[in-house]
Amino acid sequence: MASVKDKELHQWTAGELDSNSCYLQKFRLYETRSKFYMIGRDKNRTFWRVLKIDRLELSELDILEDPTTYSEIECFDLLRRIHEGNKCTGGLKFVTTCYGIIGFIKFLGPYYMLLITKRRKIGAICGHAIYSIAKSEIIPIPNSTVRSEMANSKNENRYKKLLCTVDLTKDFIFSYSYHIMRSLQKNLCDYKAEELLYETMFVWNEYLTRGIRNNLKNTLWTVALVYGFFKQVKLSVSGRDFNLTLIARRSRHYAGTRYLKRGVNEKGRVANDVETEQIVYEDSPEGYSRQISSVVQNRGSIPLFWSQETSRLNLKPDIILSRKDPNYEATRLHFENLAKRYGNPILILNLIKTRERRPRETVLRAEFANAIRFINKDLSVENRLRFLHWDLHRHSTSKATNVLTQLGKVAAHALNVTGIFYCQITPNLRPEGLLNCSWFEKSNSGDCSLENFSSRNEDSDNPEKEVSNSSGSNDASGDYHVKHPMFQKGVLRTNCIDCLDRTNVAQYAYGLVALGRQLHALGFLDSPNMDLDNPLAEELMRVYETMGDTLALQYGGSAAHNKIFSERRGQWKAATQSQEFFRTLQRFYSNTCMDPEKQNAINVFLGYFQPQPGKAELWELDSDQHYNVGRRSPNFADENIRSFIKRSLSDGNIVDSPEVGTDIGHNEPLSEKGQRGNAGLSESTPEISTCESDISYCRFTPSMSRRQLFRDMLEDQCSESNHICYGDHGDACTCSNFLDVDWLSSSGNSCEEETYESESRSSMKEREQSGMEIMNDISAGFSENFADWVTHGEILFR
């Protein structure tokens, strides 16, 4: 007999909890002189709840939830009695209909309440509706008779206007019953309390909802807003329809605009950190099994301390390594966080330039390579960061290189390593395989155990493996077959300089290869391979192009540069050039003129700046003072001691909100050294882990030998052959688990490019010679397949 938890999870995956559990979806706000009364009901009008908000308190947020669950008649009777009791002061008045509380905020005067007054359904996942905001409203809490003069002051109105520049009707999404802030795999494998989900890095109104959540100890009245991108389309292959959903979730940590947020901060959080999830499933009639698959990839700024200073005279400002972190602690923290979120291995695709007349990107390329090699020294072989350089710009200008084809090879290797998520949800009260036997039984510590996967599910990597099960039915005879589940473990992290244009091209290539594997797992295709000439490739390109434009507008101020996509479609070259030029100018104008105020608005919305009477106002501060001055913190005055310049250094001054610990299991570490590093940074480590405890322990990768996956690039062989590479300071280290793909260029003279250093011509020549020696040794000492790759210029993913 299925357990209650199994039944709940089946209802959740089938969308039935939309109507059968206590999700309030529609609200009516009423007011008396002394209180706001918010009446909430569920979708099917089966129960009503009441929330009371005090309007006589000026400086504090006083919220009381009525514990009683009312029927419709009882609720209307309650409202009638409230009206009768307040007739002497004007009675009960209707204010507005709304669809959830975004949060509460206070500037210099009273508290304000932010409400969703109109919503728009934009899709559904497993029957769970996904919405965007069509209209919102900000309402002051105290009544007009008790509001202070501060409520109408010039500065108060300026803060309100600044908050309103955050357009909630663009790119914010929410759901009442689906945890949109988490990937499908996490939602199916790892339950978390609603309150803890608000603490995750992708919930942008965490600060705004903190007061009501702490007061009520629930999230019944609020909605969790995710900022990024959502697009769902129905596509067809071989006469069968399927749903494709693309979701981009932008991190609220170290969030901001292009030149004001670069690199990493001291807590390991990077600018423009975006998780992209591609979900594929087929609609099935009630009583039939449903198959669903998803794959996750990541983008984010290069995790070093660097910046660019905006200039009205220079379209391409110099890149400045703003401060040195000799032990790369912040970089290490960033990758430890990725390992906690997604599991190991972490694969890094670095698309920045390999050579320039005036070093800009190459400065970061060299330092990034040094950081990875330094971090890998402390990691075991299986947990090492897999780092790949590939100069997309150079290859895109070469007629001999098909960029998308080459990136597809990288994607194929990455997917071989990480796998995809796939499961079959059967009609017998549980997703078959996800809750079967001990595979997903929770231990006392909350672990999602996969100990028996290897022995019981050796063919998990083969979706064609089917198991007969007579407890459910997929046809009239009562017979159906269940495919083994598959799990993603690890992630591909892609970056260029802005993580916008080149990164989006690479993410499309990854998405296309993943789509072939997802459709193969669902039984739509006989082969997991999907080439660029497939009609689905064009459809997918449109979706990724739209996503790229949206993310670029959020961070960079213009739509993305889509030259490669335009060329692929055969667009007229002159039209493409004209479009690219216009977008360059648009981005330049936005970065120099609009971004400072946009950054201020983001800091206010996220609570990174909180105004206080008698303290400096936000617009009186230079950009990177936002996090040290004006916060409601006992120690903020002691932090503001260094000099400030008119650009945002990625120096980690952000003071993040207190976070509730959400670790529920033994997350997979990046390094065996655990509690390490200098004391100044160690305090930030728990904050990273608690923002997303995640379920790396719930992921499963089909067992394959390391030789099969990585073509023999073994640590001990590198050590035995004494391969040496040189870092930024000329120090030597063993060259293990690192390969520059540009060495494998088909041009035959790829070693003329710099590999690590770009500060002087002499150092460049030294690196070129070193690189040539390494490649000669490698090609002589490794397998025949490896030598073929070197000879023919194919990509080796290592």
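The values are calculated or read from the model by the stated rules, or taken from the named source; none is laboratory data. Since this is a predicted model, take the numbers as computed values, not measurements. Here Cβ is always computed from backbone atoms with ideal geometry, including for glycine, and neighbour counts include all displayed protein chains. Just so you know, the surface numbers come from the protein's heavy atoms only, side chains and all, with ligands and any DNA or RNA stripped out. Shrake-Rupley method; radii C 1.70, N 1.55, O 1.52, S 1.80 Å.
Observations
- Residue match in region 301-309 (condition: of a type in the set (G, A, S) and touching a residue at least 40 places away in the same chain (Cβ under 8 Å)): yes
- Residues being open to solvent by less than 10 Å² (accessible area, probe 1.4 Å), under 30 Å from V203 (Cα atoms), among the aliphatic types (A, V, I, L, M) and outside any loop (DSSP other than H, G, I, E, B) are represented in region 595-603 by at least one member.
- Test: residue in region 250-260 that is modelled with pLDDT under 90, among the aromatic types (F, W, Y) and open to solvent by 20 Å² or more (accessible area, probe 1.4 Å): no
- Residue within region 382-403 that is open to solvent by less than 10 Å² (accessible area, probe 1.4 Å), of a type in the set (A, V, I, L, M) and at pLDDT 95 or above present: yes
- Unmet criterion (only one of (1) under 25 Å from the mean Cα position of the chain (by Cα); (2) assigned to a helix (DSSP H, G or I)) for E580: (1)
- Considering region 72-189, the qualifying strands (runs of 3 or more DSSP E), each wholly inside and each with 1 or more residues that are over 30 Å from E282 (Cβ atoms) and in contact with a Leu (Cβ under 9 Å, 6 or more places away or on another chain), run over 93-98, 101-106, 111-125, 128-140.
- Some residue of region 282-301 being assigned to a strand (DSSP E or B), open to solvent by 10 Å² or more (accessible area, probe 1.4 Å) and not aromatic (F, W, Y): yes
- One residue stands out in region 604-616 among those that are open to solvent by 20 Å² or more (accessible area, probe 1.4 Å) and farther than 17 Å from Y112 by Cβ: the one that is farthest from the chain's Cα centre (by Cα), namely G614.
- Selection status of A339, open to solvent by less than 10 Å² (accessible area, probe 1.4 Å), touching a residue at least 60 places away in the same chain (Cβ under 8 Å), over 21 Å from N383 (Cα atoms) and not charged (D, E, K, R): no
- Test: residue in region 269-276 that is assigned to a strand (DSSP E or B) and either open to solvent by 30 Å² or more (accessible area, probe 1.4 Å) or among the polar types (S, T, N, Q) (or both): yes
- Unique match (being in contact with a Ser or Thr (Cβ under 9 Å, 6 or more places away or on another chain), of a type outside the set (S, T, N, Q) and at pLDDT below 95) among F104, F47, F27: F47
- Given (1) among the basic types (K, R); (2) touching a residue at least 24 places away in the same chain (Cβ under 8 Å); (3) not in a loop (DSSP other than H, G, I, E, B), index of the condition K261 fails: (3)
- In region 500-516, the residues that are open to solvent by less than 10 Å² (accessible area, probe 1.4 Å) form Cβ pairs under 7 Å with partners that are basic (K, R), at six or more places apart or across chains, as follows: T503/R299; Q507/R299.
- Pairs where the first residue, in region 159-170, is under 14 Å from L208 (Cα atoms) and touching a residue at least 60 places away in the same chain (Cβ under 8 Å) and the second is open to solvent by less than 60 Å² (accessible area, probe 1.4 Å) and acidic (D, E), C-beta under 9 Å, 6+ apart: none
Residue by residue, here is whether (1) within 18 Å of the chain's Cα centre (by Cα); (2) at pLDDT below 95; (3) farther than 20 Å from D498 by Cβ holds:
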{"position": "R269", "(1), (2), (3)": "yes, no, no"}
{"position": "V274", "(1), (2), (3)": "yes, no, no"}
{"position": "E277", "(1), (2), (3)": "yes, no, yes"}
{"position": "S294", "(1), (2), (3)": "yes, no, yes"}
{"position": "R299", "(1), (2), (3)": "yes, no, no"}
{"position": "Q308", "(1), (2), (3)": "no, yes, no"}
{"position": "R312", "(1), (2), (3)": "no, yes, no"}
{"position": "S322", "(1), (2), (3)": "no, yes, no"}
{"position": "N327", "(1), (2), (3)": "no, yes, yes"}
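- Consider region 146-200 and keep the residues that are hydroxyl-bearing (S, T, Y) and open to solvent by less than 20 Å² (accessible area, probe 1.4 Å). The one that is farthest from the chain's Cα centre (by Cα) is Y159.
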